[in-house]
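Beneath this line is the structure, given in structure tokens, with notes to follow.
The values are calculated or read from the model by the stated rules, or taken from the named source; none is laboratory data. As the structure is a computational prediction, the values presented were derived from the model and not from experiment. Glycine also receives a Cβ, built like all others from the backbone with ideal geometry; neighbour counts cover every protein chain displayed. Only protein heavy atoms, including side chains, enter the accessible area calculation; ligands, DNA and RNA are left aside. Shrake-Rupley method; radii C 1.70, N 1.55, O 1.52, S 1.80 Å.
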Amino acid sequence: FKDEMNRDVALIHYREKSYKEAIYSFLKVENLLNEDLFKIAYSYFTIDSLEEARLYFSRLMYSESKFASTSQYYYAYIAYERGLYKSALEGFKKLIDDEKFGKIVPYYISQIYFIQKEYNQLIAFANPLTQNVIESRKSEIHRLLAEAYYRTDDFANSTIHFEKLITEEK
């Protein structure tokens, strides 16, 4: 009965976007459900307590629950934001074929390859994407490819992507 009461109070706080109070109430629940763990993680994420959020997302991302892929995404996103690119790259790669996140993660993967100066990997990964990438990200992908080709002394392809970048931005 006590768990139900604490969970109900936590859910009320969560729905009202009172995330600190929601966390406090969820943490009083002895038998946390996957949904509770996700809401704790998301609450920590929302109040910018990213290390705590990462901890809770990590508990769900390998589970068989409906929260696994979303937790994987947030875990990788937090790693990306904190500059933990190897961990972020591993996480995002697992979501390439994911229905919900498959369209956005290629952008992050491309960014990581660029940041790591892995220009050949960026070219191999991002070049096929130019046809399927989210419309709002097309110019960014062309910019990354133009720069990557330039850095690998492939000026002809660099120019092609630079011209596409200019066309996209018009």
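Taking only pairs six or more apart or across chains, which ones have beta-carbon atoms under 9 Å, a first residue in the stretch 10-27 that is more than 10 Å from ILE40 (Cβ to Cβ), and a second residue that is outside any helix (DSSP H, G or I) and open to solvent by 30 Å² or more (accessible area, probe 1.4 Å)?
Pairs that qualify, where the first residue is more than 10 Å from ILE40 (Cβ to Cβ) and the partner is outside any helix (DSSP H, G or I) and open to solvent by 30 Å² or more (accessible area, probe 1.4 Å), are ILE12/SER18; LYS20/ILE47.
Please enumerate the residues belonging to the stretch 146-170 that are open to solvent by 80 Å² or more (accessible area, probe 1.4 Å) and either modelled with pLDDT of 95 or more or under 24 Å from GLU99 (Cα atoms) (or both).
Residues satisfying the conditions are TYR150, ARG151, ASP153, PHE155.
Of the residues that sit in the stretch 29-52 and are among the charged types (D, E, K, R) and touching a residue at least 24 places away in the same chain (Cβ under 8 Å), which one is surrounded by the most Cβ atoms within 10 Å (Cβ to Cβ)?
Among those that are among the charged types (D, E, K, R) and touching a residue at least 24 places away in the same chain (Cβ under 8 Å), it is LYS39.
Just the residues that are open to solvent by less than 30 Å² (accessible area, probe 1.4 Å) and not in a helix (DSSP H, G or I), please, taken from the stretch 53-62.
MET61
Report, by residue number, each residue of the stretch 66-99 that is without any contact (Cβ under 8 Å) to a residue 24 or more places away in the chain, closer than 17 Å to TYR113 by Cα and out of contact with any helix residue (DSSP H, G or I) (no Cβ under 7 Å at 6 or more places or on another chain).
If the condition is that a residue be without any contact (Cβ under 8 Å) to a residue 24 or more places away in the chain, closer than 17 Å to TYR113 by Cα and out of contact with any helix residue (DSSP H, G or I) (no Cβ under 7 Å at 6 or more places or on another chain), then GLY83, LEU84, LYS86, GLU90 are the ones that fit.
Can you tell which of LEU89, LEU55 is hydrophobic (A, V, I, L, M, F, W, C) and closer than 14 Å to TYR44 by Cβ?
It is LEU55.
For the stretch 130-142, how many residues meet the condition of being hydroxyl-bearing (Ser, Thr, Tyr), within 18 Å of the chain's Cα centre (by Cα) and open to solvent by less than 40 Å² (accessible area, probe 1.4 Å)?
0
Across the stretch 100-123, what is the total count of residues that are open to solvent by 40 Å² or more (accessible area, probe 1.4 Å), at pLDDT 90 or above and within 14 Å of the chain's Cα centre (by Cα)?
1
Matching residues to (1) under 27 Å from ASP154 (Cα atoms); (2) open to solvent by 30 Å² or more (accessible area, probe 1.4 Å); (3) part of a helix (DSSP H, G or I); (4) in contact with a Cys (Cβ under 7 Å, 6 or more places away or on another chain):
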site: TYR77; (1), (2), (3), (4): no, yes, yes, no
site: GLY91; (1), (2), (3), (4): no, no, yes, no
site: PHE125; (1), (2), (3), (4): yes, yes, yes, no
site: PRO128; (1), (2), (3), (4): yes, yes, yes, no
site: LEU144; (1), (2), (3), (4): yes, no, yes, no
